[in-house]
Amino acid sequence: MFTMSEQKSSKLNHLLASLGDSDLVSSRWLQAHGYSRSLVARYVASGWLVSPARGVYLRKGGRLQWQGVLQSLQEWEGLALYVGGRFALAMQGYEHYLRLGEAATVTLYGATRPPGWLSQLALPERFEFCGKPPFVWPLQDFTADMQKDQLLEQGLKRQEVLSGAGTIVCSTPERAILELCNGPAGAALVYEADTLMQSLATLSPRRVTALLRHCSSIKAKRLFLALADRYQHAWLKRISLDGVDLGSGKRVLVPGGRLHPTYQVTLPRDLDEHLG
């Protein structure tokens, strides 16, 4: 029979063995798993845990990295948050320019806002919550037993971001560019989406078709198709627009812009001058 001291030591050893080098664990998770506030305070005072922000902890010697933060949100906190949009494209090698003077912005999508401690972490990257993604699929918790095929059906994938330290769920390029096209209307959005579209020559036509059918944003679909039409990538001829709702009437993304004759969305008149 274990003594009280041995039980506490066993709990600590189990926690430290479970935490990876870059894993974060929240007060909420700790309390839900039997670690009282006084016990956690003792771990911190003894140096076994460190607190990079109020309400969240790393193990002794742990490294604070955005990849570990995302893994922790998905796997430890069980939140249906994932990397999408511009940062998902950048981390898969499609963004070939940097915004001068800006730290990297990790664009997160999900049905609920991330915890407040996320914005308090001392990281060079910052996190931007972009809200609910423009797709009709319900978001599920990204549990470890969620199969690869289940994710790919919705244009999501597991991406290795730290060697030997697991994966995070992010958008495939097909989904990420549609999420980007759903951003705030304006010339800046079109310039950026156009630059990225230029390099998206190997998208899956089957996945593009499925995503377009399940996309709830008329603006995103029209802008995506208008920009794809500019580059005439081989996959464009193999997608089907059957069952894709493109709405009716014109969509003014850029006041005074040039109207695309097929997809009835306005694009900047100087778009060709902004090619990457």
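The values are calculated or read from the model by the stated rules, or taken from the named source; none is laboratory data. Since we're looking at a predicted model, the values are computed, not measured. Note that we place each Cβ from the backbone using ideal geometry, even for glycine, and neighbour counts take in every protein chain shown. Surface accessibility is based on the protein's heavy atoms, side chains included, excluding ligands, DNA and RNA. Shrake-Rupley method; radii C 1.70, N 1.55, O 1.52, S 1.80 Å.
Observations
- Linear extension gain, residue 48 paired with residue 132, 0.36 nm per residue minus alpha-carbon span: 26.5 nm
- With contacts taken as Cα pairs under 8 Å at a separation of at least 6 residues, the chain carries a relative contact order of 14 percent.
- Counting charges near residue 184 (Lys, Arg +1; Asp, Glu -1) among other residues having Cβ under 14 Å from its Cβ returns a value of 0.
- Counting only the Cα atoms, the chain fills a convex hull of 144 Å³ per residue.
- Using the Cβ-Cβ distance between residue 229 and residue 141 with R0 set to 51 Å, the FRET efficiency from 1/(1 + (r/R0)^6) comes to roughly 0.85.
- Summarising the strand pairing of the chain, around 75 percent of its internal DSSP beta bridges are antiparallel.
- Take the Cα of residue 240, step 7 Å toward its Cβ, do the same at residue 262, and the gap between the two points is 1.8 nm.
- The shape of region 4-59 can be summarised by an equivalent ellipsoid whose semi-axes, obtained from the alpha carbon gyration tensor, come to 16, 12, 11 Å from longest to shortest.
- Unsatisfied cross-links (Cα-Cα over 26 Å) in the set 157/221; 11/157; 132/157; 132/219: 11/157
- Neighbours of residue 206 by Cβ distance under 15 Å: Lys/Arg scored +1, Asp/Glu scored -1, total +2.
- Rounded to 10°, Cα long-axis angle of helix 218-231 versus longest principal axis of the chain: 60
- Helix-only arithmetic for the chain: the sum of -39500 (n - 2.57) across DSSP H runs with n ≥ 4, divided by the residue total, places the mean residue ellipticity at 222 nm at -10000 deg cm²/dmol.
- Rounded to 0.05, the FRET efficiency of the residue 64 and residue 29 pair, given R0 = 22 Å and the Cβ-Cβ distance, is 0.80.
- Per residue accessible area of region 162-255, 1.4 Å probe, in Å²: 39
- Two-site FRET efficiency, residue 122 against residue 14, from Cβ-Cβ distance with R₀ of 22 Å, rounded to 0.05: 0.20
- With Cα atoms, 0 to 90° folded angle of helix 187-199 axis to the chain main axis: 90
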